[in-house]
Amino acid sequence: MPRIATIFLSLATICASNAFAQQIKLQPGLWQIDMTLPGAGADSPMAGLAAQIQRHVASMSPEQRKQMEKTMSDFGAGGTEFTNSGMRTKQCLTREGIARFDLLGNKGSDTCTRKSSPMAGGVKVNMVCTRPQMTIDAALKYAGDKAYTFDSTVTATAPDGSTTTQKTSGTGKWLGSECGNVKPLSVNG
């Protein structure tokens, strides 16, 4: 469960930040994305997940932790930290990478269709993906070219056919023009 949840959360974060990049002129460089999992009550399907993941990561051997970090990095979520309320990741966006983002479906993964529509201060985004099988509905609001907020609902189908729906919210903030050791985000297209 923690591995699937980790990948699920990472993909949701990446999709939200990718979706947002197309809609405004974001500054290239290092970005920090903080995502929370609202509704920590017992009725939330992801209740306690962040704490569970933290415990799981802490119990890993150094080799296991290194493999998980590599997998997260491969998904563009290197440097991901799990917090008490969700996760924090850093992403390097290049000018070229920002220019390649395309929500209308002309570029990008063949496994997802995207639709977007403007709203006051931002954009609404709908993505339907076949691999992994999930639907994302997000509302993104920006504050210039160095910060944004988002609310999203992700419904994912597990290999056994069961579905999980999770509401998330978060922020993105520009940390600077230099990415340091964070690799640029890879975007299909």
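The values are calculated or read from the model by the stated rules, or taken from the named source; none is laboratory data. Model, not experiment: these values are computed from the prediction. Neighbour counts run over all protein chains shown; Cβ positions are idealised from the backbone, glycine included. These area figures cover heavy atoms from the full protein model, side chains too; ligands, DNA and RNA do not enter into them. Shrake-Rupley method; radii C 1.70, N 1.55, O 1.52, S 1.80 Å.
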Selection from region 130-187 of residues that are in contact (Cβ under 8 Å) with a residue 12 or more places away in the chain, farther than 28 Å from Gln27 by Cβ and assigned to a loop (DSSP other than H, G, I, E, B): Arg131, Pro132, Ala158
query: Out of region 52-81, which residues are closer than 19 Å to Thr168 by Cβ, at pLDDT 75 or above and not in a loop (DSSP other than H, G, I, E, B)?
result: Glu81
query: Is there any pair with a first residue in region 55-77 that is over 25 Å from Cys92 (Cβ atoms) and a second that is modelled with pLDDT of 75 or more whose Cβ atoms are under 8 Å apart and which are 6 or more apart or on different chains, and what are they?
result: Met60/Met68
message: Please pick out the residue among Val128, Val154, Val123, Val187 that is among the hydrophobic types (A, V, I, L, M, F, W, C), within 14 Å of the chain's Cα centre (by Cα) and at pLDDT 80 or above.
response: Val154
- prompt: Quick check, is Ser116 among the small types (Gly, Ala, Ser), open to solvent by less than 80 Å² (accessible area, probe 1.4 Å) and at pLDDT below 85?
  reply: yes
